[in-house]
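Only one structure is covered here, and it is reproduced in the block below.
Quick note: the coordinates plus some simple rules give every number you see, no bench work behind them. The shown structure was predicted, so the numbers you read here are calculated from the model rather than taken from an experiment. A quick note on method: Cβ atoms are made from the backbone with ideal geometry, for glycine too, and the neighbour counts reach across all protein chains shown.
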Amino acid sequence: MSTFAADLKPILRLFLAERRRALLFGAALSAATVTAGIALLGISGWFITATSLAGLSAAAAVTFDVFAPSAGIRLLAIVRTVARYGERLATHDATLGVLAALRERLFRGFAEPAAARALSHRPARLLFRLTADIDALDSLYLRILVPSAVAIGAALAASLVLGLMHPLFGLLSGLFLIGAGLGLPLIAARAARKHARRRAHGIEALRSRTIDLVAGQTDLLMAGRLAAQRQAIAAADRYTAGADNRLNRVETGLIFGFGLVSTLLLTASLLAVAALAETKAITAPVAALGLLVAFAATEPFAALRRGALELGRTLLAARRVAPRLAVAEASEPLAAPLSGFAFSLADVSAFHENSAVPALQGIALTLQQGERLAVIGSSGAGKSSLLALLSGELLARTGTVAAVTATLLAQRTELFEDSLRGNLALANPDASEAHLRDALAAAGLLADVEAMPRGIDTPLGEGGLGLSGGQSRRLALARLFLRDTPLWLLDEPTEGLDGATARDVLGRLSAMAAGRSLVIATHIRREAAIADRIAVIEGGRISEISRRGETAFEKALDRLRPD
């Protein structure tokens, strides 16, 4: 139960923080709809019965007032219709607004450095959290919280009305309604919880495996794994279908249970009002009213059916989403280094998320303004971790870090399905047309862009489809030039480029970096050759630092892969 509350707490808090009034207004309209429906059915039964009895006597027919009850019935019908329409508008508008806020909050949570790094290995999870998991949370308000509150309110109101006929009748009816009306959905929710979770896992596996098949069909074909991937998709589909069948069985049982409860309550109410009418405690019209009120009071509980079946899915979504909704407050920027320095690290150790092995340990390093540093070492030695530390994406656990504002150019070029202009605007949304063209020119891409039919507004496909590898890297370089920061962090900036393109990119980068400080993580000689110093990192520790002109500097260059 504590875990249940902990999972739902940040979501409920966000619900109330975003649309408190709209959510409460929607709940009030839902209650008004149900109350008007119960009153409409009860008064209609009373009116029909009373009219029939009045017709048996000429005197009673003359004195019987048909206008007030008929006016009340019309009013209740109008109230029910308007409230139902307003309730649908209010509850769905509030829910959609909250879900949009949830997606924004979740996206911000996934944009945190540690989360983004983890999700880069499983991007399908991010897509599933932002879509299916958030969609599952709409049941929390629409199909669980509001129907439960309205059903309990309807049971209490019906108990009060029936209690006016006889206190014991009202008390027993209310207890039976609440006990059976809530008990059945809770039993069904418990029975369906495991199957709902399995269905959610099955759909996620089905989607991710299908995406893998579509996106990687060439690799799968070359590896001879195409048939195996199809079989994996079929297995996920069978798993999901099995969970659906189980849920359908639970739903059938719940429908039967509600039908049985309604029958039992209607039968007991019929016997009760008949006994009360026989003893002259109530009249026949009042007996009809009581019978129909008891019958109508079961309807709000039936609305819990879908919520009960989706409770397991909702709780699973809450458990997976909640940790990323509590976005930590923006971390403090790195402390400013002493004048004349780009950064200074003193006995710094850092760990990646959920790792017991330090990524960096005992790092002591400084860089002067305008100086260029190459960081070399084997794969996994800590080069990228050092860049992440300087950019603020990796936090130091011990030691002190002071650095000027930095821009990181990662090894992988991240381009989006947008125009060239849109991809450039990510670096500087306020950049003018002239500024964008200057950056493209500095990156050596302007001539290629101008040759395109739509120029800078040329659309790109997914992942920058439409550009060659060299053009994609130059576009990433242009984005770097749009970031006017005093420290540039480069992670293997020319990896994957041919020699001529790589030398051109490095030349342009070196020219644009005049006056700025550079840190280049590399294992290629041409990239380290533009540095003033080389730091060798091994096992997360800096083992050697050499300066240009020293023998150790040349030996360090010789260790690197040739151009």
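What does the charge count near PRO300 come to, summing +1 for each Lys or Arg and -1 for each Asp or Glu among other residues with Cβ under 14 Å from its Cβ?
My count for the surroundings of PRO300 gives +3.
Net charge within 13 Å of LEU184 by Cβ-Cβ distance, Lys/Arg positive one each and Asp/Glu negative one each, not counting LEU184 itself?
Working: positive: ARG190, ARG305; negative: GLU251.
Summing Lys/Arg as +1 and Asp/Glu as -1 gives +1.
How big is the C-alpha Rg of the stretch 245-402 next to the rule-of-thumb value 2.2 N^0.38 Å, as a ratio? Present the calculation step by step, with values, prior to reporting the outcome.
Working: Rg = 34.7 Å, N = 158, 2.2 N^0.38 = 15.1 Å.
The value comes to 2.30.
State, to one decimal in nm², a quarter of the convex hull surface area for the C-alpha atoms of the stretch 497-551, i.e. the direction-averaged projected area. Numbers along the way, then the final one.
Working: hull surface 19.0 nm².
Quarter of the Cα hull surface area: 4.7 nm².
For the stretch 2-325, what ratio Rg/Rh do Cα atoms give with a Kirkwood hydrodynamic radius? Don't skip to the answer; put the middle values down first.
Values: Rg = 25.7 Å, Rh = 22.9 Å.
Checking Rg against Rh, the ratio lands at 1.12.
Going highest first, how would you order 275-283, 313-321, 152-160 by mean Cβ packing within 10 Å? Walk me through the numbers on the way to the answer.
Details: 275-283: 14.0, 313-321: 21.6, 152-160: 19.6.
Put in order of decreasing packing, that is 313-321, 152-160, 275-283.
What helices does the chain have that are whole DSSP H segments, at least 24 Å long along their own axis by Cα, and with mean Kyte-Doolittle hydropathy of 1.6 or more?
On the way: long enough: 2-54 (60 Å, 1.01); 67-110 (63 Å, 0.42); 146-165 (29 Å, 2.05); 167-215 (68 Å, 0.52); 226-278 (78 Å, 0.67); 304-325 (30 Å, 0.03).
Answer set is 146-165.
Given the stretch 136-249 reduced to its alpha-carbon atoms as identical point scatterers, what log10 I(q)/I(0) does the Debye formula return at q = 0.10, 0.12, 0.14, 0.23 Å⁻¹?
-0.53, -0.64, -0.74, -1.14
Which far-off residues, 5 or more places away or on another chain, put their amide H under 5 Å from the one on SER419, with H placed in the peptide plane?
Here LEU460 satisfy the definition.
Hull surface divided by four, with the convex hull built on the Cα atoms of the chain: how many nm²? Display every interim value, and only then the final one.
Details: hull surface 144.0 nm².
Here the figure is 36.0 nm², rounded to one decimal.
Sum up the charges of everything whose Cβ sits under 14 Å from the Cβ of GLU87, counting Lys and Arg as +1 and Asp and Glu as -1, but leave GLU87 out.
Working: positive: ARG80, ARG84, ARG88, ARG143; negative: ASP93.
Result for the local shell: +3.
Rank the residues TYR141, TYR239 as a footprinting-exposure proxy: fewest other Cβ atoms within 10 Å of their Cβ go first. All intermediate terms of the calculation are to be shown ahead of the outcome.
On the way: TYR141 24, TYR239 17.
Taking fewest neighbouring Cβ atoms as first place, the list is TYR239, TYR141.
Using the Kirkwood radius over Cα pairs, work out the Stokes-Einstein diffusion coefficient for the stretch 409-467 at 4 °C and 1.567 mPa s, in µm²/s as a whole number. Please report the intermediate quantities before stating the final value.
Values: Rh = 11.8 Å.
Here the translational diffusion coefficient equals 110 µm²/s.
Restricting to DSSP H runs of at least four residues, report the calculated mean residue ellipticity at 222 nm for the chain, -39500 (n - 2.57) per run over all residues, nearest 500 deg cm²/dmol. Display every interim value, and only then the final one.
Numbers: 20 runs with 353 residues, N = 563.
Helix-only estimate at 222 nm: -21000 deg cm²/dmol.
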